[in-house]
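All remarks here apply to the structure that follows.
The values are calculated or read from the model by the stated rules, or taken from the named source; none is laboratory data. Note that this is a predicted model, so its numbers are computed, not measured. Cβ placement follows ideal geometry from the backbone for every residue including glycine, while neighbour counts extend to all protein chains displayed. To get the accessible areas, we keep the full protein, side chains included, count just its heavy atoms, and leave off ligands, DNA and RNA. Shrake-Rupley method; radii C 1.70, N 1.55, O 1.52, S 1.80 Å.
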Amino acid sequence: QNLDEPLLGDSMATRVATGSSFSVEGHRAGPSAALAIGFVNCLVTIPATVAFANIIFVRPFFRGSLPLLQRLVLLSSAVHQLCFTMGSSLPFAIGQVQDIGLIFLMSIASAIVDWRDFADTDISDNSLLAFVLVSLAAATLCTGCILVVIGRKKLSQYVQLLPLPAVGGYLAFIGFFLLLNGIGLVSGVQLVTLTDVGGILADSCVLAKALLGMGCGGGLYFVATRFRHPMALPGAMLTICLVFFTSIFVLGWTLKDARNTGWLPLMPQGHIDDWAFWRMFRVYDLPAAIDTATVGGGWRVIMRNWVPSVVALTFVVAFGSSLDIAAIASSVTSPVDYDFEMVTVGKSNVVAGVCGGFTGSYIFSATLLTMRRDKSGSRIPGIAVALAELIAVALPAEYSIVLYMPTLLFGSVMVFIGVDLCNEWLLQSRHIMSAREFGEVWVSFLLIVHFGLEVGFLLSVCISSLGFAYLVAQQPVTDHVHGCCSRTHHNAREQEALFRLRFRKLHLRFKRGCFVFFGSAMKAAEKAVATACDAERMETDENGGSALETGVRFLVLDFTGVEGVDATAAKTLKAAETKLKTLPGCWTLRLAGASPSVARTLCPGSDDAAHLARTVAEISADATLEECDELLLAEAEPWQPVSFHEMLKELVNNGVDDASMDTLAKHFQPRHFDAGETIFAEGDEGDFFAIIEQGAAESGPPVFIRFGAGSSVGDLDYSLGRTRRFSMTAGSSGAKLQVFERSAQTATNKELVMKLLLRSMALTTTLAFDMPH
């Protein structure tokens, strides 16, 4: 089961609709067929919406006003549907009041009622109800505004940083809550926790009702998961109604008997005209709500419960909508503008909030069902759903279809959705999650059950974040770069010396784009010490097991591309430097390639430290490696002046007499270049090569190599007879070159020239393989 698909109440028909690509080709459903598709959706959405209303207003305080409140939630679903039908780029979009924000809305409503019950206040029931409804509408309005901003500013990617295990535990809690309240609705016993189940077991009649509700809910789940036909689930729901009314007819019961025994909703109290749909909005007594919030002290519950609930509500609705949009986009061939659809969800919630409604979003399964059955791209199914819900709201109270739907149906739908969500997240999620994440889903679920919604959800987010941080800390953040020579082209003698000293210079490079914090810094420090110990062991083995020779040893820690370092990580690396110095080889830790911000963290404190920070930031890893090479060479091969004749002899190698070398040397012409002066440019003819007698030269893009004294430049293009592939300039101190023109090559010196070129290019190839990439 794909967790990207059935978030929320969508899961109730996830198996009814299988993904297919939206296309206007093929069979085009006519208006009558489109209306039929809308009717099928209504058979599922209307009972589900009424069931959701029972969850939002679960407190006994709302029982007398429940018929009115159910119609308000239905009206909110109709508003959402009209907004999605008119505003979405998907003509088959179905959007309703959704269960992902259900528990937060219930939390706000219940917290306000509990506040009145425990506070020393004389707030009337009407004022309290107005305060509750205005608070819920304001929460929906705020959520919608934030969603619009998220969509317009393209911030959806940041909302998706919310840990999936925490959201999974929250959705499992929704399922658990729906399951308990579905059983409670059918049995007539309010179930808040598992301990309340004792009230059901004490009465055999109540127990029979509960078992019946569980059986019908399980039947709906079986039908939804086993049958793919779009009428399977609506047909099962209609069957429950048909069997119910047949049973009361056979038993000789009247509708009044069914209402008195709890099988049907009670008729509204008071005069029937008071429940006309045009009078519904009288309950939104804004002056009374404001007076309750200010004079009555309701602002306390607003600050304590409403604000954190709205923040959490925004995140979960945005997260759920993100997954719904992504799932819909993956099921169609036409491109879907992700951010535009998020703005649509936000606008729908803004309109619903202004109308006094409740949060909603896409219904994934119903959207795909409509797409599969109506390939014409018509918006008629969505309009049909909205009209059906508006009719259900506008019908006179005595003819309201809600009052003639058995509570068994509402309870069964709640049990079905609850079982589906619990199964999906507490059991099936193990197939697409790691064991750690699956465990975090259970931990999140148990925390919310034990500590309550806000605290439990916050703790689950923290635990999931800590689990992710631990996982990241266990991943290696450094690579040991083998063959860690600099980009300086040394002569053969120096290259051989550096090879002998290769265990005395190590290069550890942090992965690009990483952030080094305490956990990852510990792994890096451990790897640095372990790599140094391995190098000492290999050097000892190469020397026949004798003790380590004294001399300088360097470990270069390359921060090139690191995004940031925290202060604790810097202290950890400092401790690693101390540990390296205590090893037999007495290693020196060199930092390189750090950005200025990273360098300031690595070297905080005094002015000297600030200077060091600037130095670390300015010195690249290659410059540091070059400096280490020079220090190693200075110890192993003290510098001595070398004549051009000796340079030639080293390049051509032994076996050539001095007379031949002198003859070859006469064909080279000295040429001086100032610092930065171009020796040759890209695209020039490769009609000469040169040997650097003094100074250095640096190649340009695409290859950056520094050529030192005794190295040859331009040899490859000269040998291949092609134009220059890159430029070459003199180093910072200028350069003196011995240049060999093609015109100077003769039959007598050709063999020596080819031998010189072959050896020179071999040295360059060795450098290319040893350079860190």
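Probe radius 1.4 Å, ligands and nucleic acids left out: which of 527, 755, 209 has the largest accessible area, and how do the rest follow?
Working: 527 65, 755 90, 209 30 Å².
In descending accessible area the options line up as 755, 527, 209.
Computing the accessible area with a 1.4 Å probe over protein heavy atoms, can you report the carbon and sulfur percentage for the chain? Please report the intermediate quantities before stating the final value.
Numbers: 20980 of 33710 Å².
Solvent-exposed carbon and sulfur of the chain make up 62 percent of the total.
Which of the three applies to the chain, rounded, prolate or oblate, going by the alpha-carbon gyration tensor with a ≥ b ≥ c and a/c under 1.5 meaning rounded? Could the numbers behind the result be given before it?
On the way: a/c = 3.38, a/b = 2.66, b/c = 1.27.
It is prolate, given that a/c is not under 1.5 and a/b is the larger ratio.
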For the chain, the dipole about the Cα centre with charges only on Cβ (Lys and Arg +1, Asp and Glu -1), to the nearest 20 debye, works out at 2160 debye
Along the stretch 235-245, Karplus-curve 3J(HN,Hα) (6.51, -1.76, 1.60; θ = phi - 60°) to the nearest Hz, with x for Gly and Pro, reads x, 5, 5, 5, 5, 4, 5, 5, 5, 4, 5
Which ³J(HN,Hα) values in Hz, rounded to whole numbers, follow from the phi angles of the stretch 317-329 under the Karplus curve 6.51 cos²θ - 1.76 cosθ + 1.60, where θ = phi - 60° and Gly and Pro get x? 5, 5, 5, x, 5, 4, 5, 5, 5, 5, 5, 5, 4
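What ranking do 239-250, 710-721 get when scored by the average of other Cβ atoms within 10 Å per residue, highest first?
The peptides rank, most packed first, as 710-721, 239-250.
In units of 2.2 N^0.38 Å, what is the alpha-carbon radius of gyration of the stretch 359-427? Walk me through the numbers before you get to the answer.
Working: Rg = 15.8 Å, N = 69, 2.2 N^0.38 = 11.0 Å.
Normalised Rg, Cα atoms only: 1.44.
Enter the accessible area per residue of the stretch 639-734 (Å², integer; probe 1.4 Å; all protein chains in place). Each step should come with its number before you reach the end.
On the way: 4840 Å² over 96 residues.
Each residue of the stretch 639-734 exposes 50 Å² on average to a 1.4 Å probe.
With every protein chain present, what is the per residue accessible area of the stretch 47-126 (1.4 Å probe, Å²)?
Details: 2160 Å² over 80 residues.
For the stretch 47-126, the per-residue accessible area is 27 Å².
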Descending accessible area (1.4 Å probe), largest on the left, turns 379, 59, 430 into 430, 379, 59
With the contact rule set at Cα under 8 Å and sequence spacing of 6 or more, what percent relative contact order holds for the stretch 150-264? 16 percent
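Over all directions, the average projected area of the alpha-carbon convex hull for the stretch 432-502 comes to how many nm²? Don't skip to the answer; put the middle values down first.
Numbers: hull surface 33.9 nm².
Its average projected convex-hull area is 8.5 nm².
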To test your reading of the geometry: what angle, between 0 and 90 degrees and rounded to tens, separates the Cα axis of helix 607-618 from the longest principal axis of the chain? 90 degrees
Straight-line reach only, C-alpha to C-alpha below 17 angstrom: list the lysines that residue 347 could link to, leaving out same-chain residues fewer than 8 apart. 153, 154
What lysines could a cross-link reach from residue 755, if we take a straight Cα to Cα line under 18 Å and drop same-chain neighbours fewer than 8 places away? 649, 666
If amide H atoms are built 1.01 Å from N in the plane of the peptide, which residues on other chains or at least 5 residues away come under 5 Å of the amide H of residue 488? 706
Check which residues have an amide H placed less than 5 Å from residue 121's amide H, if you skip close sequence neighbours. none
Compute the distance from the alpha-carbon center of the stretch 492-535 to that of the stretch 387-437, in whole Å. 59 Å
Would you work out which of 428, 136, 254 lies farthest towards the positive end of the dipole of the chain, given +1 charges on the beta-carbon of Lys and Arg and -1 on that of Asp and Glu, about the Cα centre? 254
More than 20 angstrom apart: percent of Cα pairs within the stretch 296-401: 56 percent
Relative contact order of the chain (C-alpha contacts under 8 Å, at least 6 apart) in percent is 18 percent
One finds the C-alpha centres of the stretch 676-698 and the stretch 36-102 to be spaced, in Å, by 78 Å
How big is the charge dipole of the stretch 22-159 about its Cα centre, in debye rounded to the nearest 20, if each Lys and Arg gets +1 on its Cβ and each Asp and Glu gets -1 on its Cβ? 500 debye
So if I take the centroid of the Cα atoms in the stretch 702-729 and the same for the stretch 287-363, what is the distance between those two points in Å? 64 Å
Taking only protein heavy atoms and a 1.4 Å probe, what accessible area per residue, in Å², does the stretch 302-407 have with all protein chains in place? 32 Å²
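How large is the helix-only mean residue ellipticity at 222 nm for the chain, computed as the sum of -39500 (n - 2.57) over DSSP H runs with n ≥ 4, divided by its residue count, in deg cm²/dmol to the nearest 500? Don't skip to the answer; put the middle values down first.
Working: 28 runs with 437 residues, N = 773.
After summing the helix terms and dividing by the residues of the chain, the value is -18500 deg cm²/dmol.
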What trypsin sites (Lys or Arg not before Pro) in the stretch 109-159 are in a loop by DSSP, with at most 14 other Cβ atoms within 10 Å of the Cβ? 153, 154
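Is the stretch 481-581 rounded, prolate or oblate when judged by the Cα gyration tensor, a ≥ b ≥ c being the square roots of its eigenvalues, rounded requiring a/c under 1.5 and prolate requiring a/b larger than b/c? Let's see the in-between values first.
Details: a/c = 2.91, a/b = 1.56, b/c = 1.86.
Oblate, because a/c is 1.5 or more while a/b does not exceed b/c.
With a/c under 1.5 counting as rounded, go ahead and sort the stretch 417-464 into rounded, prolate or oblate using the C-alpha gyration tensor (a ≥ b ≥ c being the square roots of the eigenvalues; past the cut-off, prolate if a/b is larger than b/c, else oblate). All intermediate terms of the calculation are to be shown ahead of the outcome.
Numbers: a/c = 2.96, a/b = 1.31, b/c = 2.26.
Since a/c reaches 1.5 but b/c is at least a/b, the shape of the stretch 417-464 is classed as oblate.
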Round to the nearest 10 and give me the degree value, 0 to 90, for the angle of helix 750-770's Cα axis relative to the longest principal axis of the chain. 30 degrees
In the chain, what % of DSSP beta bridges are antiparallel (nearest 5)? 65 percent
Arrange the peptides 501-507, 534-540 so that the one whose residues have, on average, the most other Cβ atoms within 10 Å appears first. 501-507, 534-540
Total charge dipole magnitude, the stretch 157-288, about the Cα centre, Cβ charges on Lys, Arg, Asp, Glu only, Debye to nearest 20: 360 debye
Using only the Cα atoms, what convex hull volume per residue in Å³ does the stretch 51-101 have? 73 Å³
Straight-line reach check, residue 571, cutoff 29 Å on alpha carbons, 8 or more apart in-chain or any other chain, hits among lysines -> 505, 511, 523, 527, 579, 581
Residue-by-residue Karplus 3J(HN,Hα) for the stretch 448-455, coefficients 6.51, -1.76, 1.60, Hz, glycine and proline x: 5, 4, 7, 9, x, 5, 5, 5
Return the long-range amide H neighbours of residue 96 (sequence gap of 5 or more, or a different chain), with a cut-off of under 5 Å between placed amide H atoms. 361, 363
